[in-house]
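Visitor: I have a structure here, written as structure tokens, and I will follow up with some questions on it.
The values are calculated or read from the model by the stated rules, or taken from the named source; none is laboratory data. Everything numeric in this text was worked out from a predicted model, so none of it was measured. A quick note on method: Cβ atoms are made from the backbone with ideal geometry, for glycine too, and the neighbour counts reach across all protein chains shown.
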Amino acid sequence: MEYTKHQYIGGKWVAGKGTKRQIINPANESLIVEVQEASREQTEEAVKAARQAFETSSWPAEVQRRVNSLHQLADLLEIKAEQFAAAETTNTGKPIRESRLDIHDTVTCLRYYADLASSRKPWEKEMHDGTTSKVMEEPIGVCALIVPWNFPLLLGIWKIAPALIAGNTVVFKPSEITPVSALMLTELIDQCDFPAGVFNLVLGTGQPVGETLVSHPDVDKVSFTGGSETGRKVNEQCARSFKRVSLELGGKSPLIVLEDADIEAAVEWSVFGAFFNQGQVCVASSRVLVHQSIYHRFLDRLLIKLQQVKLGDPRDEETEMGPVISAVHQAKIEKYIELGKEEGAVLLHGGERQGETGYYLTPAVFTEVSQHMRILQEEIFGPVVTIQAFTSDNEAIELANGTVYGLAAGVLSQDTERAERIASRLKAGTIWINSYHTPYVEAPWGGYKQSGIGRELGPQGLSGFTEVKHVNVSN
Ligand code: NAD
């Protein structure tokens, strides 16, 4: 990477005046790049540039231009897909096959929103009193888009694509530890037909950059993805001025394995659900609930399967698990593993460091857990899963719903009607029956309870970036 300027404000690359930060490859602890982040003043300049573009450019009014620009960006991204995948793997440690999937989904998301916007029409109806009502969706204005480090580009595009296609202007802030793909994306945006100031990039931490965005009076909407504690602060700050806000937060998602489930498939889905991206996924199935009658058989197969999981260099095509994101995060996960043992749970497998360099942890499995334990209630966001037994559907549902979170859940059974009955009683925004993890760009994504407010993806994801206006005409 040869970037010398790391902020993109008002259509120009600008050298940061904030903190210098070394961006580290978690697989080998080598330096990828040193960036200089934005200062508070530069963050304010980015908001100003977005405001000016919203007020003075033709962007909010020209749907076709927005559609063309998003397709243009998707085309460029598609050409560079392999470079983006490699960069994402270097910065996050995720296996290269997963990074390729992220880039593919990123392109799909851009095209989906471009096509959705071109087919949307205002609602119009003659009312009972002879008047005519029209309902249209308008852009909100300046949107601050803040994302975490686990899917840096994909989660960014889940916001950037609907925000821009709706006619808003944006300031995008990636996580301070994963700015690489955001810089690369911005380079492509710079080559597309976006008016200056429509898209702005600022790098930095929550303080000062994130907080400046969230509290800025000229930001009309904050779309935030991250931890529930940070989300709480963001929500409180936005509430002061009734700023529009959507929050995609943490989870502690259950995967329910019924007694009639195919046991080999159940083990596969459990490992994939819990350890995909090293368990650093908001919807990770970090709690597996298994029917008592197959509990021991399930555990035996799970242990065999875990011996086969390939943990190693994320650039290797065969690798299934890479390192976790950072030394700090590795230590946090290890603390939870110690806590689990102190709480009386049994560490059946894993939880150990692997290799001389890189932040590797072997997949950890806890049994003999009870519902009140912190390892079962709190989001660990790493390769740690708890396994519980249940004896009835009612008990499974009660355990599954028994945390403050409600992001996702899974049910495995050969009886899909029974699984759907269970799904109807689960308090979660996404429920997979006989699969796990796949986000579908056409379907909403988001949380019940403390897992968030609002939805991304699908038409709902676009509505999150619009104000609704009703115009009633009497002749
Ligand atoms: P985090 O909350 O620490 O940070 C998220 C982002 O917010 C980062 O860009 C960070 O710099 C910024 N930030 C921090 N403090 C801020 C503040 N006061 N004001 C504004 N911005 C601030 O989360 P993280 O550790 O980067 O990511 C992990 C979390 O993200 C997990 O809890 C995970 O479940 C959640 N997540 C949720 C989803 C979802 O779709 N629901 C998806 C991915 C990750």
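Visitor: I want to confirm something. Restricting to the range 152-179 and keeping residues that are in a strand (DSSP E or B) and within 14 Å of the ligand (Cβ to nearest atom), which single residue is farthest from the chain's Cα centre (by Cα)? Spell out how you get there, then give the answer.
Guide: Of the range 152-179, the ones in a strand (DSSP E or B) are 169-173.
This time we only want the ones that are within 14 Å of the ligand (Cβ to nearest atom), so: 171-173.
On the way: VAL171: 17, PHE172: 14, LYS173: 14 Å.
That would be VAL171.
Visitor: In the range 235-244, what residues are in contact (Cβ under 8 Å) with a residue 40 or more places away in the chain and either more than 11 Å from the ligand (Cβ to nearest atom) or under 16 Å from GLN388 (Cα atoms) (or both)? Please lay out each step first, then the result.
Guide: The first filter runs over the range 235-244 and keeps only residues in contact (Cβ under 8 Å) with a residue 40 or more places away in the chain, leaving 235, 244.
Selection gives ARG244 alone.
Residues are listed down the side, and each one gets a yes or a no for (1) touching a residue at least 60 places away in the same chain (Cβ under 8 Å); (2) in contact with a Lys or Arg (Cβ under 6 Å, 6 or more places away or on another chain); (3) of a type in the set (A, V, I, L, M, F, W, C):
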| residue | (1), (2), (3) |
| --- | --- |
| ASP102 | no, no, no |
| VAL107 | no, no, yes |
| SER118 | no, no, no |
| PRO122 | no, yes, no |
| LEU154 | no, no, yes |
| LEU164 | yes, no, yes |
| SER181 | yes, no, no |
| LEU203 | yes, no, yes |
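Visitor: Among the listed residues ILE160, ILE146, ILE140, which satisfies the condition of being more than 15 Å from CYS109 (Cβ to Cβ), of a type in the set (Val, Ile, Thr) and crowded, with 24+ Cβ neighbours inside 10 Å? Can you show your working first?
Guide: Numbers: ILE160 fails: more than 15 Å from CYS109 (Cβ to Cβ); ILE140 fails: crowded, with 24+ Cβ neighbours inside 10 Å.
On inspection, the qualifying residue turns out to be ILE146.
Visitor: Would you list the helices (runs of 4 or more DSSP H) that sit entirely within the range 253-360 and hold 2 or more residues that are more than 16 Å from the ligand (Cβ to nearest atom) and closer than 22 Å to PRO95 by Cα?
Guide: Values: elements: 263-275, 295-308, 327-342.
Filter on the range 253-360 gives 263-275, 295-308.
Visitor: Any residue in the range 428-455 that is of a type in the set (Phe, Trp, Tyr) sitting within a Cβ distance under 7 Å of a residue that is within 13 Å of the ligand (Cβ to nearest atom) and at pLDDT below 95? List the pairs, counting only those 6 or more apart or interchain.
Guide: Close Cβ pairs satisfying both conditions: none exist.
Visitor: Okay, next question. Taking interchain pairs and intrachain pairs at least six residues apart, which have beta carbon atoms under 6 angstrom, with the first residue in the range 206-223 and free of Cβ contacts under 8 Å to residues at least 12 places away in the same chain and the second outside any helix (DSSP H, G or I) and within 9 Å of the ligand (Cβ to nearest atom)?
Guide: none
Visitor: Yes or no: the range 115-125 includes at least one residue that is under 23 Å from the mean Cα position of the chain (by Cα) and crowded, with 17+ Cβ neighbours inside 10 Å.
Guide: yes
Visitor: Additional query: Condition check: in contact (Cβ under 8 Å) with a residue 60 or more places away in the chain, crowded, with 17+ Cβ neighbours inside 10 Å and either away from the ligand (no atom under 16 Å from the Cβ) or of a type in the set (Val, Ile, Thr) (or both). Does THR386 satisfy that? Steps first, answer last, please.
Guide: Numbers: in contact (Cβ under 8 Å) with a residue 60 or more places away in the chain: yes; crowded, with 17+ Cβ neighbours inside 10 Å: yes; either away from the ligand (no atom under 16 Å from the Cβ) or of a type in the set (Val, Ile, Thr) (or both): yes.
Considered against the rule, which asks whether it is in contact (Cβ under 8 Å) with a residue 60 or more places away in the chain, crowded, with 17+ Cβ neighbours inside 10 Å and either away from the ligand (no atom under 16 Å from the Cβ) or of a type in the set (Val, Ile, Thr) (or both), THR386 comes out as yes.
Visitor: For GLU187, are the conditions met, namely being charged (D, E, K, R), assigned to a helix (DSSP H, G or I) and either on the phi < 0 side of the Ramachandran plot or modelled with pLDDT under 95 (or both)?
Guide: So GLU187 fits the description; yes.
Visitor: In the range 432-442, is there at least one residue being within 16 Å of the ligand (Cβ to nearest atom), more than 30 Å from PHE298 (Cα to Cα) and assigned to a strand (DSSP E or B)?
Guide: Step one: list which residues in the range 432-442 are within 16 Å of the ligand (Cβ to nearest atom), which gives 432, 436-441.
From what's left, more than 30 Å from PHE298 (Cα to Cα): 441.
Adding the requirement that they be assigned to a strand (DSSP E or B) leaves none.
For the range 432-442, residues within 16 Å of the ligand (Cβ to nearest atom), more than 30 Å from PHE298 (Cα to Cα) and assigned to a strand (DSSP E or B): absent.
Visitor: Also: Run down VAL222, VAL214 and say which single residue is in a helix (DSSP H, G or I), within 10 Å of the ligand (Cβ to nearest atom) and out of contact with any Pro (no Cβ under 8 Å at 6 or more places or on another chain). I'd like the intermediate steps shown before the answer.
Guide: On the way: VAL222 fails: in a helix (DSSP H, G or I).
That would be VAL214, the only listed residue that is in a helix (DSSP H, G or I), within 10 Å of the ligand (Cβ to nearest atom) and out of contact with any Pro (no Cβ under 8 Å at 6 or more places or on another chain).
Visitor: A follow-up question, please. Consider the range 14-48. How many of its residues are more than 12 Å from VAL202 (Cβ to Cβ) and either assigned to a strand (DSSP E or B) or without any contact (Cβ under 8 Å) to a residue 24 or more places away in the chain (or both)?
Guide: 11
Visitor: Of a type in the set (A, V, I, L, M, F, W, C) and either under 26 Å from ASP115 (Cα atoms) or within 21 Å of the chain's Cα centre (by Cα) (or both): does that describe ILE431? It would help to see each step written out before you state the result.
Guide: Numbers: of a type in the set (A, V, I, L, M, F, W, C): yes; either under 26 Å from ASP115 (Cα atoms) or within 21 Å of the chain's Cα centre (by Cα) (or both): yes.
Yes, satisfied.
Visitor: For the condition surrounded by 15 or more Cβ atoms within 10 Å (Cβ to Cβ), more than 22 Å from LYS243 (Cα to Cα) and within 16 Å of the ligand (Cβ to nearest atom), what is the one hit in ALA396, ALA428? Give the steps one after another, and end with the answer.
Guide: Details: ALA396 fails: within 16 Å of the ligand (Cβ to nearest atom).
Criteria check complete, one pass: ALA428.
Visitor: GLU78 versus (1) acidic (Asp, Glu); (2) within 17 Å of TRP158 (Cα to Cα); (3) not in a helix (DSSP H, G or I): which is the lone unmet condition?
Guide: Among (1) acidic (Asp, Glu); (2) within 17 Å of TRP158 (Cα to Cα); (3) not in a helix (DSSP H, G or I), GLU78 violates only (3).
Visitor: Yes or no: GLY204 within 11 Å of the ligand (Cβ to nearest atom), in contact with a Ser or Thr (Cβ under 8 Å, 6 or more places away or on another chain) and under 30 Å from LYS305 (Cα atoms)? First the steps, then the outcome.
Guide: Working: within 11 Å of the ligand (Cβ to nearest atom): yes; in contact with a Ser or Thr (Cβ under 8 Å, 6 or more places away or on another chain): yes; under 30 Å from LYS305 (Cα atoms): no.
Criteria not met by GLY204.
Visitor: Does GLY93 satisfy the criteria of being on the phi > 0 side of the Ramachandran plot, among the small types (Gly, Ala, Ser) and crowded, with 22+ Cβ neighbours inside 10 Å?
Guide: Numbers: on the phi > 0 side of the Ramachandran plot: yes; among the small types (Gly, Ala, Ser): yes; crowded, with 22+ Cβ neighbours inside 10 Å: yes.
Yes.
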